[in-house]
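**Q** One structure is given below, represented as structure tokens, and several questions about it will come after.
The values are calculated or read from the model by the stated rules, or taken from the named source; none is laboratory data. Please read all numbers here as calculations on a predicted model, not as lab measurements. A quick note on method: Cβ atoms are made from the backbone with ideal geometry, for glycine too, and the neighbour counts reach across all protein chains shown. Protein only, heavy atoms only, side chains kept; ligands, DNA and RNA dropped before computing areas. Shrake-Rupley method; radii C 1.70, N 1.55, O 1.52, S 1.80 Å.
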Amino acid sequence: MTGRKKEEIDLKRLEMRIKSHKFVRQAEVSRDLEGNINVTIQQNRPIARLLSSKKDVYLDEEGNQLPLSSLYTAHVLPVTVSAATTAGEGSFFQDSVGMAYLSLLKYIEKDPFWNAQLAHMDIDPKGKVSFLTQVGDQRIEFGKPVQVEEKFKRLFIFYKEVMPVVGWEKYSRLNIEYKDQIICE
């Protein structure tokens, strides 16, 4: 805004220009009594990175796609989606089916243990979720994103009570898809 007087700046237009940026959730531009221009911004925060053959994008907590940045890499859970599902499409994480997957991502992002332990999420053609882990070399077969809290509680108890006894390398596959059981291979 060099070369313009503060009084000449169209605040509404400036606010709309700032809001047009994908990483800006909310913006407010105002002028105080002394004539200073104040800008308040609420940023869209990525919670996952959607990896697909078409394009890589971030997802925010509302399921909106955010572009990647050449200046910044968010440390979020990478998610791959089978070509046979619609999850790679723009509005999947905002429709009635995709909201369950978005809720799962939010749950993981808010839980310090699972956010650190889960290295990768995959959604297969049938919509079943599986994870790769940071510690150990297990593939966790989670199933559909239902009863999320119960599945993670069961898995946490298994991690806390069984894995220290048998060793972290004992199993390569843990299936927690079914109610009240964990299948290990």
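**Q** What value, in deg cm²/dmol to 500, does the helix sum -39500 (n - 2.57) over DSSP H runs of n ≥ 4 give at 222 nm once divided by the residues of the chain?
**A** Per the formula, -7000 deg cm²/dmol.
**Q** For the chain, what does the convex hull of the Cα positions come to per residue, in cubic angstrom?
**A** 161
**Q** Among Val29, Val57, Val129, which one moves the most in a GNM of the chain with springs linking Cα atoms closer than 10 Å?
**A** Fluctuation is largest for Val29.
**Q** Between 0 and 90 degrees, rounded to the nearest ten: what's the tilt of helix 98-110 against the longest Cα principal axis of the chain?
**A** Taking the Cα atoms of the chain, the angle to 98-110 is about 90 degrees.
**Q** Still on this model: What percentage of the solvent-accessible surface of region 1-73, computed with a 1.4 Å probe over protein heavy atoms, is contributed by carbon and sulfur atoms?
**A** Ligands and nucleic acids excluded, carbon and sulfur give 48 percent.
**Q** Return a whole-number percent for the relative contact order of the chain, with Cα pairs under 8 Å and 6 or more residues apart as the contact set.
**A** 12
**Q** Return the loop-located chymotrypsin sites (Phe, Trp or Tyr not before Pro) in region 129-185 (DSSP other than H, G, I, E, B) with at most 13 other Cβ atoms within 10 Å of their own Cβ; answer none if there are none.
**A** Trp168, Tyr178
**Q** Accessible area per residue, 1.4 Å probe, Å², for the chain: what's the number?
**A** 60
**Q** Can I ask one more? Write out the trypsin sites (Lys or Arg not before Pro) in region 68-169 meeting two conditions: DSSP loop, and at most 14 other Cβ atoms within 10 Å of their Cβ.
**A** Sparse-neighbourhood loop trypsin sites (Lys or Arg not before Pro): Lys126.
**Q** I've got another one for you. In whole percent, how big is the carbon plus sulfur part of the accessible area of region 127-185, probe 1.4 Å, protein atoms only?
**A** 52
**Q** Roughly what % antiparallel, to the nearest 5, for the DSSP beta bridges in the chain?
**A** Counting DSSP beta bridges with both partners in the chain, the antiparallel share is about 70 percent.
**Q** Of all chymotrypsin sites (Phe, Trp or Tyr not before Pro) in region 15-82, which ones are in loop regions per DSSP and have a Cβ with at most 10 other Cβ atoms within 10 Å?
**A** Tyr72
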